[in-house]
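A short worksheet on the structure shown next.
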Amino acid sequence: MKLLRLMIQARRVDERLIKICRQGRLRGSAFAGIGQEAISAAVAVASQPDDLFAPCIRNLPLHLGRGETPLGVFRQALGRAKSPTGGRDGNVHYGRLDHGVYTMISHLGSMISVVAGGVMAKRRQGKDTVGVAFVGDGATSTGDFHEALNFAAVFDIPLLVIIENNHYAYSTPTSHQYRCHRLADRAVGYGIDGYSADGNNPAEIYITVRDILNDIRANPRPALLEADTMRMRGHGEHDDFKYVPETLLQVYRRRDPIRMGIRGMQAAKLITDDQIEAMELEIADEIDRSARQALSEEEPLADTLTQGVYRDA
Ligand SMILES: Cc1ncc(C[n+]2csc(CCOP(=O)(O)OP(=O)(O)O)c2C)c(N)n1
Ligand SMILES: [Mg+2]
């Protein structure tokens, strides 16, 4: 139920952001994770309060699952004064350390070592923290990906690196990204365990993530998980993603994670149609109120521009 709720909530926030963006009311672009919700929703549900995370651009369910509100997300995208970054960024570069969520920087792969270091520090404080860093298939071709995984392996840092393999890095298909069969196979080269899972099957990805996190929490060491998925929108809303063949999108349209989750729960008699409808209505109401509230709020005042640049002496 928690997983399903998070996936639906994130989907509806993304859809509303796309609408706001297309209405020209948002500066820059909107970056949706539509089609990939199961993976970060599973991580959020399987996590513990002291855990640390490095989300990327398509991990909205992680933010929401760790306690960010739809209102906070809309404020952030709209650059509002009350947003998590105080309106300094109107995009995806936000996090909440009080939720264990680091603010991402755009440089692909660079956040993996940040989580590795954070987990190391927490462990030295006696906490049983584990870390999760999200990367895309494109990010696996960076030097930072290699350096961070190697470092985490050598120092037995309990860090799960999840590769959300959505077949494209912007317009670059995976055939131009790597030559190996599965990216999870690269784990062998670091002396760690590698796993593969269906990232669009909520039950499968949840059980996989939960078991890996339990394992590395008890026996500290990193792990690599490759989750197969598909991004069902462009890289951002400015991208028409015409480079993605329609046949591929069709395959994943049939494998929509929310529909798969609902079908699985219905088959196991874990949810009724009335419960689904009630959940949808409640979420729709919350999203609508939050979007309207954020749209009505102010951007930061110009004279606050230098605030937060230097620490007050
Ligand atoms: C080191 C680096 N190179 C290039 C870019 C520009 N860039 C931003 S997102 C992106 C594609 C990312 O693809 P992937 O890692 O597969 O993630 P996805 O967008 O598919 O979720 C690129 C090339 C960057 N941010 N950092
Ligand atoms: Mg990708």
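A compact table of results
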| quantity | calculated |
| --- | --- |
| Scan of the stretch 241-281 for residues that are surrounded by 10 or more Cβ atoms within 10 Å (Cβ to Cβ), of a type in the set (A, V, I, L, M, F, W, C) and over 22 Å from Tyr170 (Cβ atoms), ordered by number | Ile258, Met260, Ile262, Met265, Leu270, Ile271, Ile276, Ala278, Met279, Leu281 |
| Residues within the stretch 62-93 that are surrounded by fewer than 24 Cβ atoms within 10 Å (Cβ to Cβ) and at pLDDT below 95, tallied | 9 |
| Residue that is in contact (Cβ under 8 Å) with a residue 12 or more places away in the chain, within 10 Å of ligand 1 (Cβ to nearest atom) and polar (S, T, N, Q), where the choices are Thr208, Thr142 | Thr142 |
| Filtered residue count, the stretch 32-66, keeping only those that are under 30 Å from Gly126 (Cβ atoms), in a loop (DSSP other than H, G, I, E, B) and either touching an Asp or Glu at 6+ places or on another chain (Cβ under 8 Å) or within 16 Å of ligand 2 (Cβ to nearest atom) (or both) | 5 |
| Every residue from the stretch 149-166 that is away from ligand 1 (no atom under 13 Å from the Cβ) and either among the charged types (D, E, K, R) or under 13 Å from Val115 (Cα atoms) (or both) | Leu149, Phe151, Ala152, Asp156, Ile157, Pro158, Leu159, Leu160 |
| Residue check, Ala284 among the aliphatic types (A, V, I, L, M), surrounded by fewer than 12 Cβ atoms within 10 Å (Cβ to Cβ) and outside any loop (DSSP other than H, G, I, E, B) | no |
| Flag if His99 is within 16 Å of ligand 2 (Cβ to nearest atom) and more than 24 Å from Asn200 (Cα to Cα) | no |
| Pick from the stretch 1-21, criterion surrounded by fewer than 21 Cβ atoms within 10 Å (Cβ to Cβ) and more than 22 Å from Gly87 (Cα to Cα), ranking: farthest from ligand 1 (Cβ to nearest atom) | Met1 |
| Some residue of the stretch 114-134 being within 11 Å of ligand 1 (Cβ to nearest atom), at pLDDT 95 or above and under 14 Å from the mean Cα position of the chain (by Cα) | yes |
| Search result, residues across the stretch 67-89 that are in contact with an Asp or Glu (Cβ under 9 Å, 6 or more places away or on another chain) and charged (D, E, K, R) | Arg75, Arg80, Lys82 |
| Number of the condition not met by Lys242 [criteria: (1) assigned to a helix (DSSP H, G or I); (2) free of Cβ contacts under 8 Å to residues at least 40 places away in the same chain; (3) of a type outside the set (Gly, Ala, Ser)] | (1) |
| Residues satisfying the stated conditions in the stretch 22-47, i.e. out of contact with any helix residue (DSSP H, G or I) (no Cβ under 8 Å at 6 or more places or on another chain) and away from ligand 1 (no atom under 14 Å from the Cβ) | Arg22, Gln23, Gly24, Arg27 |
| Residue ranges of helices (runs of 4 or more DSSP H) in the stretch 128-236 with at least 2 members out of contact with any His (no Cβ under 9 Å at 6 or more places or on another chain) and within 16 Å of ligand 2 (Cβ to nearest atom) | none |
| Some residue of the stretch 248-264 being among the small types (Gly, Ala, Ser) and not in a helix (DSSP H, G or I) | no |
| Which listed residue, of Asp256, Asp228, Asp198, Asp240, is within 20 Å of the chain's Cα centre (by Cα), within 16 Å of ligand 1 (Cβ to nearest atom) and modelled with pLDDT of 95 or more | Asp228 |
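The values are calculated or read from the model by the stated rules, or taken from the named source; none is laboratory data. Everything numeric here is computed off the predicted structure, so don't read it as measured data. Quick reminder, even Gly has a Cβ in these numbers, built from the backbone with ideal geometry, and neighbours come from all protein chains shown.
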